[in-house]
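Below is one structure; the comments refer to it alone.
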Amino acid sequence: MFVERLLPAAHEHLATVGDDAPVIQAAKLLGGAHINLVVVCNSEGVMVGVLSRRDVARQVSHCQGYSCTTAVSSVMTREVVACSLRDLLNDVWSIMKNRGLRHIPIVDKDSKPLGIIYARDALQALLTEVQDEQQLLRDYLMCAGFH
């Protein structure tokens, strides 16, 4: 199964901000339902980093006066693991598991964000695929539909 199968759900999880946006703007996005990671983009819409709730909490804990207007570019994670629509979901899940990632951005060939895969959604899709394969195998072995 390819990542592209999860695109509708992944697109719902996508929130982006410009790299010059204040951290408070990203915090507002992270406060919304279904948003646990914000993709930071440059002026061309290319992903240059991500910002998690943990990143925002760390910055807010250091705020004094006007320092909460710090740009997201100064606190974002710059080295981002991302995937493409044509990647196999099993491979993406392995990367997420091995690196302890709960979310992974989907980007196009130009590194523009298309969505965010959540571990929960990836696992559900993989489980459904296995259950479907088991049912097909069971039907085959039982000669279901063959008289």
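Read-outs throughout are calculated quantities, based only on the coordinates presented, and are distinct from any laboratory measurement. Note that the structure is predicted; figures quoted are calculated from it, not measured. Positions of Cβ are backbone-derived with ideal geometry, glycine not excepted, and every protein chain shown enters the neighbour counts.
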Taking the Cα atoms of the chain alone, what are Rg (to one decimal) and Dmax (as a whole number) in Å? 19.0, 78
Below 8 Å between Cα atoms, with a sequence gap of 6+, how large is the relative contact order for the chain in percent? 27
Take Leu101 and Glu129, extend 7 Å from each Cα along the Cα→Cβ direction, and tell me the distance between the two endpoints in nm. 1.6
Computed FRET efficiency, Cβ-Cβ of Leu137 and Phe2, R0 25 Å: what is it to the nearest 0.05? 0.70
Can you give me the angle between helix 119-141 and the longest principal axis of the chain, using Cα atoms only, in degrees from 0 to 90, rounded to the nearest 10? 0
Select from His34, Val46, Trp93 the residue farthest towards the positive end of the dipole of the chain; place +1 on Cβ of Lys and Arg, -1 on Cβ of Asp and Glu, and compute about the Cα centre. His34
Is there a quick way to get the dipole size of the chain? I mean about its Cα centre, with the Cβ of Lys and Arg at +1 and of Asp and Glu at -1; what is the value in debye to the nearest 20? 520
Applying a 10 Å radius around every beta-carbon, put 114-126, 81-93 in order of their mean neighbour count, most first. 114-126, 81-93
Out of the GluC sites (Glu not before Pro) in segment 1-80, which ones are loop residues according to DSSP with at most 13 other C-beta atoms within 10 Å? Glu44, Glu79
As a test of the formula, what do you get for the chain when each DSSP H run with n ≥ 4 contributes -39,500 (n - 2.57) and the sum is divided by the residue count, at 222 nm and rounded to the nearest 500 deg cm²/dmol? -11500 deg cm²/dmol
